[in-house]
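Remarks on the structure that follows.
The values are calculated or read from the model by the stated rules, or taken from the named source; none is laboratory data. Note that the coordinates shown come from a computational prediction; the quantities given were computed from them, not determined experimentally. Counting neighbours? That spans all protein chains shown, and the Cβs are built from the backbone with ideal geometry, glycine included.
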Amino acid sequence: MSADEWMECPDCAKPHNTRLKKLDQVLANCYDKITAKQYRTLQCNIDKLKEKIRKIIEDKASIGIYGVHDYYFDEQGNFISKVSAKCYTCNKEWKSISKEESLRMMARR
Ligand SMILES: [Zn+2]
């Protein structure tokens, strides 16, 4: 399970990112409504919670990216790269597509 790179799974990280945004809203809503000392305490507690959520995202909502360093030129001089990604939480997989494939898919819609 040694990926070239890691990034957030768009599906698995979504609820955690929503929680991060809500915590920011809680803090913003309290601005000027509580004392400065209370605000700092709240901010400190929220920062600790956000750190825990970011760790959960890192541990449980990350996708491994493979083939990032695996590319070559074929006999016709085409640049070939096959990057893929897999989330080990939801088991969703992605495969890279070329710019031409992407344009063809958009034209078909
Ligand atoms: Zn996922």
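Take region 62-96 and flag every residue that is exposed (fewer than 12 other Cβ atoms within 10 Å of the Cβ) and of a type in the set (A, V, I, L, M, F, W, C). Result: 73, 79, 80.
Scanning region 36-53 for residues that are surrounded by 15 or more Cβ atoms within 10 Å (Cβ to Cβ) and either in contact (Cβ under 8 Å) with a residue 24 or more places away in the chain or touching a Cys at 6+ places or on another chain (Cβ under 9 Å) (or both) yields 39, 42, 50, 53.
Scanning region 9-26 for residues that are within 15 Å of the ligand (Cβ to nearest atom) and either in contact with a helix residue (DSSP H, G or I) (Cβ under 6 Å, 6 or more places away or on another chain) or part of a loop (DSSP other than H, G, I, E, B) (or both) yields 9, 10, 11, 12, 13, 16. Of all residues in region 75-102, those that are at pLDDT below 90 have Cβ atoms under 8 Å from Cβ atoms of residues that are of a type in the set (Lys, Arg), 6 or more apart or on another chain, in 82/95; 96/82.
Residue count for region 83-109 satisfying the condition of being part of a loop (DSSP other than H, G, I, E, B) and within 16 Å of the ligand (Cβ to nearest atom): 5.
Given 56, 80, 65, which one is within 14 Å of residue 3 (Cβ to Cβ) and not in a loop (DSSP other than H, G, I, E, B)?
65
Per the conditions (1) within 18 Å of residue 90 (Cβ to Cβ); (2) surrounded by 10 or more Cβ atoms within 10 Å (Cβ to Cβ), the sole criterion not satisfied by residue 59 is (2).
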